[in-house]
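Undergrad: Quick one: the structure is below, questions incoming.
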Amino acid sequence: MKLTTKQLTLCAMLTAMALALSYLENFFPLSLAIPIPGIKLGLANIVTVFALYALGPVQALLILLSRCVLGAVFAGNMNALLFSLLGGVTAMLVMILLSRSRRLSVYGVSVGGAAAHNCGQVAAAILTLGNTAPLYYLPVLLGVSLFTGALTGLIAACLFQALAHTDLMKG
C-alpha cells in the first residue's frame, strides 16, 4: 500500500492526537467515580474509530500500531506494550468486521471494539501470568465496556457530524 503525502500527514496527525488523548486521560482518575482497578475511558480510541470510518481499515490499523508502540516508548513502559497491542489489535479486527454490517451504527461498532479490547487485554494478562485467573475479571470489564464504548462512539459520531461538510468525510 502506498500512501500519498496527504494521507501520511493525516495519519501522523491522528497518531499524535491519539497519543495526546492517551496521555491526557491519565489526569482524569476514573477510579474515583468507578472504583474498579484498571478501568480507563479509552479516549485514544475515539481516534481509532474515527480513522476506521474516515480513512479505512489499513490506515486505522497503522495509526493504532503507531500509537501503541510510541505510547509504550514515551511512557518508558515496554511491559505494557503487550497489553496495548493485544487489546488494540483485537479491538481493531472486531471493529473492522462490525463496521461492514449495515445493521450496526458507529455506537455498536465502538461498543464491540471496547469489549474486544478488554478481551485482548485479559488474554495478555493470562499470557503474562501463566494462569486463567484474569478471566474472573472479564465480566466486570465487559460491563464497563458498554459505557466506555458508547461514549467513544458518541464522540466519534459528533466528529462525523461536525466534519460532514469537509473533504475529509467525502466518500
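The values are calculated or read from the model by the stated rules, or taken from the named source; none is laboratory data. In this text, all values refer to a predicted model and were calculated from it rather than measured experimentally. Here Cβ is always computed from backbone atoms with ideal geometry, including for glycine, and neighbour counts include all displayed protein chains.
Undergrad: For region 77-94, give me each residue that is part of a helix (DSSP H, G or I), over 12 Å from the mean Cα position of the chain (by Cα) and either aliphatic (A, V, I, L, M) or at pLDDT 95 or above (or both).
TA: Ala80, Leu81, Leu82, listed by residue number.
Undergrad: Still on this structure: List the pairs whose first member sits in region 1-19 and is touching a residue at least 24 places away in the same chain (Cβ under 8 Å) and part of a helix (DSSP H, G or I), whose second member is surrounded by fewer than 13 Cβ atoms within 10 Å (Cβ to Cβ) and among the basic types (Lys, Arg), and whose Cβ atoms are under 8 Å apart, counting only residues at least 6 apart or on separate chains?
TA: Here the result reads none, with nothing in region 1-19 linked to a residue that is surrounded by fewer than 13 Cβ atoms within 10 Å (Cβ to Cβ) and among the basic types (Lys, Arg).
Undergrad: Identify, from the list Ala156, Ala164, the residue that is more than 22 Å from Ile36 (Cβ to Cβ) and not in a helix (DSSP H, G or I).
TA: Ala164
Undergrad: Restricting the search to region 100-144, which residues are over 15 Å from Thr48 (Cβ atoms), among the β-branched types (Val, Ile, Thr) and in contact (Cβ under 8 Å) with a residue 40 or more places away in the chain?
TA: Within region 100-144, Thr128, Val140, Val144 meet the criteria.
Undergrad: Inspect region 119-126 for any residue being over 20 Å from Cys68 (Cβ atoms) and either over 11 Å from the mean Cα position of the chain (by Cα) or not in a loop (DSSP other than H, G, I, E, B) (or both) and give the result as yes or no.
TA: So far as region 119-126 goes, no, none of its residues is over 20 Å from Cys68 (Cβ atoms) and either over 11 Å from the mean Cα position of the chain (by Cα) or not in a loop (DSSP other than H, G, I, E, B) (or both).
Undergrad: Related question: Can you name the residue in region 65-123 that is surrounded by fewer than 15 Cβ atoms within 10 Å (Cβ to Cβ) and of a type in the set (D, E, K, R) and is also farthest from Cys11 (Cα to Cα) among such residues?
TA: Arg103
Undergrad: Okay, moving on. Of these, Leu62, Leu97, which one is part of a helix (DSSP H, G or I) and either within 24 Å of Asp167 (Cβ to Cβ) or in contact (Cβ under 8 Å) with a residue 40 or more places away in the chain (or both)?
TA: None of the other options fit; the residue is Leu62.
Undergrad: When region 1-34 is examined, which residues are found to be within 21 Å of Ala115 (Cβ to Cβ) and surrounded by fewer than 17 Cβ atoms within 10 Å (Cβ to Cβ)?
TA: Selection gives Glu25, Leu30, Ser31, Ala33, Ile34.
Undergrad: Take the residues in region 24-51 that are free of Cβ contacts under 8 Å to residues at least 24 places away in the same chain and outside any loop (DSSP other than H, G, I, E, B); name whichever of them is farthest from the chain's Cα centre (by Cα).
TA: The extreme case among them is Leu32.
Undergrad: Quick check on region 117-127. Is at least one of its residues more than 19 Å from Leu85 (Cβ to Cβ) and not small (Gly, Ala, Ser)? Before the answer, list the steps.
TA: First, pick out the residues of region 117-127 that are more than 19 Å from Leu85 (Cβ to Cβ): none.
For region 117-127, residues more than 19 Å from Leu85 (Cβ to Cβ) and not small (Gly, Ala, Ser): absent.
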